[in-house]
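Here's the structure, in structure tokens; my notes come after.
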Amino acid sequence: MNKIVEDIKERAKNSSDVFFREVAYKDKRVYLILSDAMVNTEVVSNFVVRSINEILRNTQTDKELDLKSKIEKRLNGDNINFENEIAISKIKKIDISKEDIFKYIFSGFVVIVYEQEVYIVEAKQNNSRSIMEPSTDSSVRGSRDSFVENIMQNLALIRNRIKNEKLLYKEQEIGRRTKTKCAIMYIEDIAKPELVNFIEEKLNGIDIDGILDVNYLQEFIEKENDSSFPVTITTQRPDLVSYYLLEGRVIILVNNSPYALVLPAFFDDFINSVDDLYQKSKNVTITRIIRYISMLLTILVPALYLSLITFDQETIPTKLLISISSQRESVPFPAVVEATMMMLAFEILKESDMRANNISGNTLSIVGALILGEAAVSAGIVSPIMIIVVAITTISGMLFSDINVINAFRRWRIIFMIFASLCGLVGMGIATVIFVASLVSTYSTYLPFTYPVAPLDITESMKNLFTRIRIPKDKTRQKILTNNLTKGR
Amino acid sequence: MKKYIFALLVVVVMFNAFDNLKEITNLAIVSVLGLDVDEEGNYIATVEIIAGDKENNKKTILEKATGNSIQEAIRNIIDKTPQRLYLAHLETLIVSEDIAKSGIDNIVDFFIRDNDASNNFYLFVSKEKTAGKVIEKISEQEVSMLEMLKSSEKYRGNANTKTLSQCIQQILKVGSDICVNSCGINEDEIYIGEMAYFKEWKMQGYMSKDESIMYNILDKNVVSPILKTGEKENLIIVEIVTNDVKFGLKDNKVNIDINMEVNISEVGKAISLESKEKVREVENILENEVKDRVEDFVRKYQIERGVQILGFENLYYRKKKEYPQNVEFNTNVDISIANQGGVVNIW
């Protein structure tokens, strides 16, 4: 038996899905090694095995040449050229001493061993699902396709949109065991080289046994950054990714993750949605202002409620004060306890709703709505105004699609609540100082997170903060992201 | 290390504020406070406490207590309620005529010093014997003095919405006195009465209804009172639309410039508005009428009674001039008719 095959057999003796096959003719032996789970057996039998058989036997029917010499020619190790004769486009000769053969076996390649030569032939089974609508960044007018787990398919979705040789796709493997394909993409003459270098260095510095999701890379890149806000954008939308690529940002794709990572990210990227690009620019202004307001609401409303009704009652209009006071009369808890209880109940409900399957999910929402709503009020545990506070907080939080942003808002909501319950509006003032300080000291890659507000870039803020400039009028790119400032080049 | 020091500072600051915590349900929200004095000179405080019931209907509770000072009287009410009296939402303060005549300085003093109470409420002098009686009526009829005051100012012009803090500022100016609204009960109904005028901290008496309106026109530039001249055939009734009054000093004389725009609301048969000249005539009649009334008003209060409700003395003080014994003044009135309400336009 072949020594290489023996060696592989020894290493894979406990993996029952690794399958060995021998194709023999006379004393010449060709070995096929493949993983049952990964390969398409039809492709293997129709193209690989048949091709090898033909290579070995086809000569018998060939009358023109001398049979013996032909066989000899064919079977002479130097002359068997699998690369030319197997009817599959992807075939490669590899050096077994340098490369890990199992990486290919478990990627759906068939390994062909003939004497000392090793070839790999791709016979992958298509395991990926079909392209579906994005589940997180939903949009009204945008395209309906979204990334899937297969990196090649994702690449295709982007290439479909940007057909330019300057759009680079640089693949590398990360993860000692998982050997996950990770790729960075950028447009060579738009993205700043220092940004690309920065990210490449970060990726090269990663030493880990496995990368299972794009979030792993996210954490490595955010390494020095302990801000609660995400400093990378994760999105499922190829159209959004293409938009960012054209701006000069860098994309990271990871095989098996239906999300792309976009670097760098600025705070307003999380507030503004992709849909803004597809709607009339004049009307987008109102939408964006509403988003900023609801950002403030989702962070501040519970804290504001607490500080107003426990410390600063004089700021509430008298009629409202009386109404709140009479609503709270039957509630046996202090306002702080009531608020904490309700926010906790709501967070539990939200978390369980996310984890539960569809069937029990429905029951959950009914029970939750009852607990948080009518029943709790009529039982005198919470006041109706508290329900309104929780509802406003929640609904305002729903405007944002990135789960990391929603969680960051939640974190700050709790901090604000603590400060408000200790010293009212003054406390909220202190918390605001801390919040702003933490926000402006955040960096995404090496760029300031709060750009274009701090540091202030007036042209960019006028263009894209609250308003969206009309696309034909927008002729320049952002200075912070690119040296190639004129659009259309 | 810096981080911990910062955190410690924050915590210290926060716990300082912590004793300011007051649960909303522990507060008795006072909306009306009345102050009277009895024969022995003790204060009687009457408060209307608003509370809502479960269906969110407003309900009010009346409490009364006496004490030898305002603070004491209000404190004594606490014995009768389970909650703490909360004065920050006070809307109306009614003082009896007796207190007003003997001086409101100690009341003002109390409200300036009490850090819980805001000074953004309205002061009334009770035309009834006691403020307590008026408050009982208010509570019984569930009226809001604030709303009544606002509509009186807006549509009649006989009252003005000056808060206590604005009054205080006015009193504290040199050579400037205040007028305060009054209220009373007429045939079982609360009404907003004429203005009571003060000299320094002491009430002197009431104006007539027309004088109250004139005071408010001159003092607060109020809009919308109605002016009337002539009888029957020559009747002219106008409504003031815009009103701009300026006081100034010129040649040691007080200059009163009044600029008004009016709308005609009623005219008698003899009055014609068919040409520009005739409109001008009507304007002249009105101007003379207003001028006469202003002069009468100023003469009566500013010169004869010597109350500085229009702040003439303050004008001299600001220019660092001595206030003359017999102050002289000029009145210039300019009235234009903005809208005649006619069927045919004259131009």
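General observations
- Between residue B:71 and residue A:287, the C-beta separation translates, for a Förster distance of 45 Å, into a calculated FRET efficiency of about 0.25.
- Annotation: peptides B:59-71, A:139-151, ranked by per-residue average of other Cβ atoms within 10 Å with the highest first, follow the order A:139-151, B:59-71.
- Residue-span extension gain [residue A:388 to residue A:418] - 0.36 nm each, minus C-alpha spacing: 8.8 nm
- Summary value for the stretch A:229-348: 17 percent relative contact order, contacts being C-alpha pairs under 8 angstrom separated by 6+ residues.
- The magnitude of the dipole of the protein assembly as shown, with charges of +1 and -1 set on the Cβ of Lys/Arg and Asp/Glu and taken from the Cα centre, is near 3360 debye.
- Counted over the stretch B:25-206, the DSSP beta bridges are approximately 65% antiparallel.
- Our estimate of slack between residue A:16 and residue A:93, defined as 0.36 nm per intervening residue step minus the Cα-Cα distance, is 25.2 nm.
- Here the 3J(HN,Hα) profile of the stretch A:372-384, calculated from phi with Karplus coefficients 6.51, -1.76 and 1.60 at θ = phi - 60°, is 6, x, 3, 5, 5, 5, 6, 7, x, 7, 10, 9, x Hz, Gly and Pro shown as x.
- DSSP-defined beta bridges in the stretch B:224-339 - what % are antiparallel, rounded to 5: 65
- Positive-pole candidate from A:156, A:260, A:240, dipole of the stretch A:151-265, charges at beta carbon: A:156
- Look at the stretch B:24-33: the mean tally of other chain Cβ atoms within 10 Å of its residues' Cβ atoms is 4.
- Seen from a random direction on average, the alpha-carbon convex hull of the stretch B:25-206 projects onto 10.7 square nanometres.
- Packing, as the average of other Cβ atoms within 10 Å across residues, places the peptides B:6-12, A:291-297, B:91-97 in the order B:91-97, A:291-297, B:6-12, highest first.
- Shape class for the stretch A:277-448: oblate, because the ratio a/c of the largest to smallest gyration tensor axis (alpha-carbon atoms, square roots of eigenvalues) is 1.5 or more and b/c is at least a/b.
- In terms of its alpha-carbon gyration tensor, the protein assembly as shown comes out prolate; a/c meets the 1.5 threshold, and the first ratio a/b outweighs b/c.
- Rg and Dmax over the alpha-carbon atoms of the stretch B:224-339 stand at 16.5, 52 Å.
- Build a GNM of chain B with springs between Cα atoms under 10 Å apart, and of B:308, B:170, B:141 the one that fluctuates most is B:141.
- With θ taken as phi - 60° and the Karplus curve 6.51 cos²θ - 1.76 cosθ + 1.60 applied, the whole-hertz 3J(HN,Hα) list for the stretch A:29-44 is 10, 10, 9, 10, 10, 8, 9, 3, 6, 8, 9, 8, 4, 4, 4, 4 Hz, x standing for glycine and proline.
- Amide H contacts of residue A:139: none lie under 5 Å away among residues 5 or more positions distant or on a separate chain (H built 1.01 Å from N in the peptide plane; Pro and chain starts excluded).
- Unsatisfied cross-links (Cα-Cα over 24 Å) in the set A:350/B:3; A:3/A:181; B:162/B:253; B:199/B:321; B:276/B:300: A:350/B:3; A:3/A:181; B:162/B:253; B:276/B:300
- Burial order of peptide ranges A:402-409, A:349-356 (average beta-carbon count within 10 Å, highest first): A:402-409, A:349-356
- Under the convention that each Lys and Arg Cβ holds +1 and each Asp and Glu Cβ holds -1, the size of the dipole of the stretch B:25-206 around its Cα centre is about 520 debye.
- Computed about the Cα centre, the dipole magnitude for the stretch A:151-265 is approximately 460 debye when only Lys and Arg (+1) and Asp and Glu (-1) carry charge, each at its Cβ.
- Per-residue ellipticity at 222 nm computed for the protein assembly as shown from its helices equals -12000 deg cm²/dmol, with DSSP H segments shorter than 4 residues left out and the rest contributing -39,500 (n - 2.57).
- The mean number of partner chain beta-carbon atoms within 10 angstrom of a residue's beta-carbon across peptide B:2-11 is 1.
- Average beta carbon contacts from partner chains per residue of A:311-319, 10 Å cutoff: 5
- For the stretch A:151-265, the fraction of C-alpha pairs more than 26 angstrom apart is 12%.
- Spatial offset of the stretch A:223-268 relative to the stretch A:277-338 amounts to 32 Å, using the alpha carbon center of each.
- For residue A:93, a cut-off of 16 angstrom between C-alpha atoms picks up these lysines, skipping any fewer than 8 places away in its own chain: A:103.
- Working note: Cα gyration tensor of chain A, eigenvalues times five, square-rooted, sorted largest first, giving semi-axes of 59, 27, 19 Å.
- Label-reachable residues, the stretch A:303-339, where backbone N falls under 12 Å from a point 7 Å from residue A:432's Cα toward its Cβ: A:304
- For the stretch B:208-279, the set of GluC sites (Glu not before Pro) satisfying both a DSSP loop assignment and a count of at most 15 other C-beta atoms within 10 Å is given as B:231, B:274.
- Overall form of chain B per C-alpha gyration tensor (a/c, 1.5; a/b vs b/c): prolate
- Alpha carbon centroid spacing (whole Å) that separates the stretch B:195-224 from the stretch B:107-176: 14
- 3J(HN,Hα) couplings calculated from phi for the stretch A:266-274 with the Karplus curve 6.51 cos²θ - 1.76 cosθ + 1.60 (θ = phi - 60°) are, in sequence order, 10, 4, 6, 5, 7, 7, 7, 10, 4 Hz; Gly and Pro show x.
- Positive-end residue, the protein assembly as shown charge dipole about Cα centroid, Cβ charges, pick of A:372, B:332, A:482: A:482
- Placing unit charges on each Cβ (+1 for Lys and Arg, -1 for Asp and Glu) gives the stretch A:151-265 a dipole about its Cα centre, and among A:184, A:231, A:206 the Cα reaching farthest toward its positive end belongs to A:184.
- Dimensions of the stretch A:1-59 along the principal axes, based on C-alpha atoms and rounded to the nearest Å, stand at 39, 27, 11, largest first.
Here, each number is a calculation from the coordinates, and none is a lab measurement. Since this is a predicted model, take the numbers as computed values, not measurements. Cβ coordinates were reconstructed from backbone atoms using ideal geometry, including for glycine residues, and neighbour counts include every protein chain displayed.
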